Structure formats: C-alpha cells, structure tokens
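The values are calculated or read from the model by the stated rules, or taken from the named source; none is laboratory data. All values reported here derive from a predicted model rather than from experimental measurement. Note: ideal-geometry Cβ built from the backbone for every residue, glycine included; neighbour counts use all protein chains shown.
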Amino acid sequence: MIKAEVIPREWGNSLGITLSQEVIKKAHIKKGKPIAIFIAEGNPNGLRETYGMLKGWKKSGQQIKDEMRALLHHDR
C-alpha cells in the first residue's frame, strides 16, 4: 500500500484531490483505470483503528489482509 497525504480542494460543487507523479508511478496509475482509495480521516494511526474495528469479525486479520492485497493487485 502506498501512503500519500493530500489536501482536498474545491472542484465545482465537489472536492477533489491530486496525486504527485511519484505516487502515480509507484502505484502504476493509468488514465481511465479504476483505483481504490482508503481514507484514514487525517489520523496517522488510521490502520490501528481500522484493525481494532475488526475485532469480532469471523475472518482473521491475515485473511482480510490477503483479500485486500488480492483486490489491490489483481490487475498487475
């Protein structure tokens, strides 16, 4: 997973973000190719909170990580 801190800006009636060329190259982002974005709401410990929320789920943390990896890398 590639981390990029961005600041949303007004874009018409919506908000938009821009990605640096470094992030675009690292993530192999192409025009017209769908991407997934995970939002941590400005909290540097966002993953810790996310995994904490998973307590009580039937799947193990490893199973969830494997599924996320498969989803994120299925086009490579």
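Some points to look at:
- Looking only at residues in segment 18-33 that are part of a loop (DSSP other than H, G, I, E, B) and among the basic types (Lys, Arg), the one that is surrounded by the fewest Cβ atoms within 10 Å (Cβ to Cβ) is Lys31.
- Some residue of segment 34-44 being surrounded by 10 or more Cβ atoms within 10 Å (Cβ to Cβ) and modelled with pLDDT of 80 or more: yes
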